[in-house]
Amino acid sequence: QVQLVESGGGLVPPGGSLRPSCAASGSILSVNTMAWSRQAPGYQRGLVARLSSSGETNYADSVKGRFTISRDNAKNTVYQQMNSLKPEDTAVYYCNADVQASGRIGFWVYWGRGTQVTVSS
């Protein structure tokens, strides 16, 4: 079994910062790409940022220059530094990871349950 648990969301005023994290645990053999997505009420879930095991990053245009994704491979943890937050960044933020787990062949995508980020004065 593999679990991903997000933490570090919350309420922040416009222009503020947050740094949510997501830790993967369980019978993990290897972790490839880790990523953050978000879903606002009435909208589909969309990719925010992605970080491969080789260090390649991809960002949604709406967060470029404001968000930075990073990871600690020893802890199987991914972070997302979010600066200059805007009300339109309000959403539930989910992490996912491509994981090779004990007892399973190949890499499988696992998702966390999400953490709420609210940007409001």
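Numerical summary
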| item | result |
| --- | --- |
| Residues of the stretch 13-39 classified as among the aliphatic types (A, V, I, L, M) and either farther than 21 Å from A60 by Cα or touching a helix residue (DSSP H, G or I) at 6+ places or on another chain (Cβ under 8 Å) (or both), total | 5 |
| Check on S102, over 13 Å from V117 (Cα atoms), polar (S, T, N, Q) and within 15 Å of the chain's Cα centre (by Cα) | no |
| Residue in the stretch 12-33 that is surrounded by 19 or more Cβ atoms within 10 Å (Cβ to Cβ) and not in a strand (DSSP E or B) present | yes |
| Number of positions in the stretch 49-86 that are within 16 Å of V119 (Cα to Cα) and either open to solvent by 70 Å² or more (accessible area, probe 1.4 Å) or part of a strand (DSSP E or B) (or both) | 5 |
| Qualifying residue in the stretch 103-110 (condition: open to solvent by 40 Å² or more (accessible area, probe 1.4 Å) and touching a Gly at 6+ places or on another chain (Cβ under 8 Å)) | no |
| Test result for V99, in contact with a helix residue (DSSP H, G or I) (Cβ under 8 Å, 6 or more places away or on another chain) and surrounded by 13 or more Cβ atoms within 10 Å (Cβ to Cβ) | no |
| Selection within the stretch 1-11 - among the hydrophobic types (A, V, I, L, M, F, W, C) and either modelled with pLDDT under 95 or open to solvent by less than 30 Å² (accessible area, probe 1.4 Å) (or both) | V2, L4 |
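The values are calculated or read from the model by the stated rules, or taken from the named source; none is laboratory data. Because the structure is a prediction, the values reported are computed rather than measured. Every residue, glycine among them, receives a Cβ derived from its backbone with ideal geometry; neighbour counts consider all protein chains shown. Keep in mind that these areas ignore ligands, DNA and RNA; they rest on the heavy atoms of the full protein, side chains included. Shrake-Rupley method; radii C 1.70, N 1.55, O 1.52, S 1.80 Å.
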